[in-house]
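Student: Please find one structure pasted underneath; my questions will follow.
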Amino acid sequence: MSGKQAESVKKSLETLSEKDSYIHGLQSAMARKDSLNMELVMNLKGALNDINDKDISIKVEKGVVYIDISDKLLFNSGKYAVTDAAKKVLGKVAKILNAYPDMDFMVEGHTDNVPINTSCMEDNWDLSVKRATSVIRILQKQYGISPQRMAAAGRSEYVPVASNDNSAGRALNRRTRIIILPQLDQFFKLLVKK
């Protein structure tokens, strides 16, 4: 092997070593994120263990933590004012969220497909947004969560989890979802290092 070929092989091996190190760093960051998500889920489940399992669902999908809360637990039918009983549940969720101050989250309101039209709501879009912002306001004003960490969104009837053809399905579709947003900036920082 000539000197040039040996130097080329050496550079190739160094490049492979750097890429391998980079991949290990990404895998380590993902493992830390997964571990943090599991810790968060276990803490949430522990804090909410006295709530009916049918009213709250906590799960991790594709590395994102989702907390689904049924509308019957949070709101009266067709309304967006949070009930007093629900404020206690939100307080338990807020206590856990406050323990993870670096995590941002979004609150999404979801409805079924039964039309609504009142003096202050034109349709299910309005209802879903008002429900999300009602939850955000409780978390901010009563439980001290920084507004910079939160976003509110209304999804109306367009992201159902069940069929709207029967009352059981419509009940499942009427929910508020808290989504713990992944900290993508950490991964982007890792990518930029390269």
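Student: What number of residues in segment 168-182 are in a loop (DSSP other than H, G, I, E, B) and either surrounded by fewer than 22 Cβ atoms within 10 Å (Cβ to Cβ) or in contact with a Gly (Cβ under 7 Å, 6 or more places away or on another chain) (or both)?
Tutor: Going through segment 168-182 one residue at a time, the tally reaches 2.
Student: Just the residues that are farther than 16 Å from residue 65 by Cβ, among the aromatic types (Phe, Trp, Tyr) and crowded, with 19+ Cβ neighbours inside 10 Å, please, taken from segment 75-127.
Tutor: Hits for segment 75-127 are 75, 80.
Student: So, restricting to strands (runs of 3 or more DSSP E) that lie completely within segment 25-142, which ones have at least 3 residues that are touching a residue at least 60 places away in the same chain (Cβ under 8 Å), hydrophobic (A, V, I, L, M, F, W, C) and at negative phi?
Tutor: Those strands (runs of 3 or more DSSP E) span 64-70, 105-110.
For (1) at pLDDT below 95; (2) farther than 29 Å from residue 166 by Cβ; (3) small (Gly, Ala, Ser); (4) in contact with a His (Cβ under 6 Å, 6 or more places away or on another chain), each residue gets a yes or a no:
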{"position": "50", "(1), (2), (3), (4)": "yes, yes, no, no"}
{"position": "53", "(1), (2), (3), (4)": "yes, no, no, no"}
{"position": "57", "(1), (2), (3), (4)": "yes, no, yes, no"}
{"position": "71", "(1), (2), (3), (4)": "yes, no, no, no"}
{"position": "107", "(1), (2), (3), (4)": "no, no, no, no"}
{"position": "110", "(1), (2), (3), (4)": "no, no, no, no"}
{"position": "117", "(1), (2), (3), (4)": "yes, no, no, no"}
{"position": "137", "(1), (2), (3), (4)": "no, yes, no, no"}
{"position": "144", "(1), (2), (3), (4)": "no, yes, yes, no"}
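Student: Determine if segment 166-178 includes at least one residue that is under 15 Å from the mean Cα position of the chain (by Cα), aliphatic (A, V, I, L, M) and at pLDDT 95 or above.
Tutor: Scanning segment 166-178 turns up at least one residue that is under 15 Å from the mean Cα position of the chain (by Cα), aliphatic (A, V, I, L, M) and at pLDDT 95 or above.
Student: Based on this model, can you work out whether residue 41 counts as of a type outside the set (Asp, Glu), surrounded by 11 or more Cβ atoms within 10 Å (Cβ to Cβ) and closer than 25 Å to residue 99 by Cα?
Tutor: Yes; evaluated as a whole, the condition is true for this residue.
The values are calculated or read from the model by the stated rules, or taken from the named source; none is laboratory data. Remember, it's a predicted structure, so these values are computed and weren't measured experimentally. Neighbour counts run over all protein chains shown; Cβ positions are idealised from the backbone, glycine included.
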